[in-house]
Amino acid sequence: MKLLKSRILQEAEIPEPGVLKVDMFLNHQIDVSLLNEIGKEFYRRFANDNVNKILTVEASGIGIACIAAQYFGVPVVFAKKGINRNVGNDVYSGKAVSFTKCDCPVIGVSKRYLSEEDRVLILDDFLAHGSALMLLSDIVRQSGAELVGAGIVIEKAFQPGGKKLREAGLRIESLAVIKSMDNGLIVFDE
Ligand code: 5GP
């Protein structure tokens with residue numbers, strides 16, 4: 001997605017090796033018109049997949065998912081962090097291992113909002129090592145719903161998540177794929 005890639009090139013920062021900071025339009029301040037184009041693009045790619053629910057994880061995924069959901073005309077469910085695993089049988093849950101944060105909360109989704117009747121599209125801001133996406137996929141698996149695929153705003157292809165999950169059979173559509181970002185130089189895959 002050309003517009004997204006040029007915003008990354010113009011504004012993104014690399015605070016430490018391997019980490020891309022896009023707080024200025026995605027992760028802290030949100031450029032809603034850019035998010036609108038992102039939502040439109042996700043819809044273009046998954047329009048024929050009969051998605052009836054979008055799943056994401058709080059917090060950064062929620063804005064992305066909500067704007068995309070307006071194009072799909074479906075509800076958004078977000079996995080909540082800090083869910084107690086012992087809440088009983090009412091929650092699908094798992095534990096994420098975060099690349100950027102040291103605290104790795106248990107996240108969960110109430111069984112009221114996902115079931116085997118659903119066709120789910122997962123949306124998230126980044127794909128790095130794939131832990132978040134793997135966990136969300138597992139929550140969909142636990143629910144018995146059909147996982148249509150995943151839409152990612154920025155994939156860092158030099159980290160192994162995308163390759164691993166595609167090899168496992170997951171359809172992943174990433175709007176900007178970063179091949180490398182060494183010495184402050186961001187290079188896209190295509
Ligand atoms: P993964 O589980 O694929 O390693 O990472 C997924 C999550 O970690 C994303 O949802 C995002 O919140 C965070 N993340 C991973 N890499 C980056 C990065 O380079 N920049 C930012 N801002 N977040 C990242």
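The values are calculated or read from the model by the stated rules, or taken from the named source; none is laboratory data. Only a predicted model underlies this, so the values are computations on that prediction, with no experimental measurement involved. Because the Cβ atoms are built from the backbone with ideal geometry, glycine has one as well, and the counts that use them run over all protein chains shown. The area values use the complete protein model at the heavy-atom level, side chains included, leaving out ligands, DNA and RNA. Shrake-Rupley method; radii C 1.70, N 1.55, O 1.52, S 1.80 Å.
Here are a few things to note about the model shown:
- The lone criterion from (1) open to solvent by less than 40 Å² (accessible area, probe 1.4 Å); (2) over 30 Å from Asp118 (Cα atoms) left unmet by Leu34 is number (2).
- Neighbours by Cβ (under 9 Å, 6+ apart or cross-chain): first from the range 112-138, part of a loop (DSSP other than H, G, I, E, B) and away from the ligand (no atom under 12 Å from the Cβ); second open to solvent by less than 40 Å² (accessible area, probe 1.4 Å) and of a type in the set (Lys, Arg): Leu114/Lys53; Asp118/Lys53
- Contact map, the range 80-106: first residue modelled with pLDDT of 60 or more, second residue more than 16 Å from the ligand (Cβ to nearest atom) and open to solvent by 60 Å² or more (accessible area, probe 1.4 Å), Cβ cut-off under 7 Å, separation 6 or more or different chains; pairs are Asp90/Lys111; Val91/Lys111; Tyr92/Lys111; Tyr92/Gln142; Ser93/Arg85; Val106/Arg85.
- Selection within the range 156-167 - more than 9 Å from the ligand (Cβ to nearest atom) and of a type in the set (D, E, K, R): Lys163, Lys164, Arg166, Glu167
- Residues that are without any contact (Cβ under 8 Å) to a residue 40 or more places away in the chain, surrounded by 13 or more Cβ atoms within 10 Å (Cβ to Cβ) and in a loop (DSSP other than H, G, I, E, B), drawn from the range 161-188: Leu170, Arg171
- Candidates are the residues of the range 8-31 that are buried (at least 19 other Cβ atoms within 10 Å of the Cβ) and either of a type in the set (S, T, N, Q) or assigned to a helix (DSSP H, G or I) (or both); the one that is nearest to the ligand (Cβ to nearest atom) is Leu26.
- Some residue of the range 139-153 being crowded, with 22+ Cβ neighbours inside 10 Å, assigned to a helix (DSSP H, G or I) and near the ligand (Cβ under 10 Å from one of its atoms): no
- Residue that is farthest from Gln70 (Cα to Cα), among those in the range 37-48 that are out of contact with any Phe, Trp or Tyr (no Cβ under 6 Å at 6 or more places or on another chain) and either loosely packed, with under 14 Cβ neighbours inside 10 Å or among the hydroxyl-bearing types (Ser, Thr, Tyr) (or both): Asn48
- Condition check for Val19: among the β-branched types (Val, Ile, Thr) and within 23 Å of Ser143 (Cβ to Cβ): no
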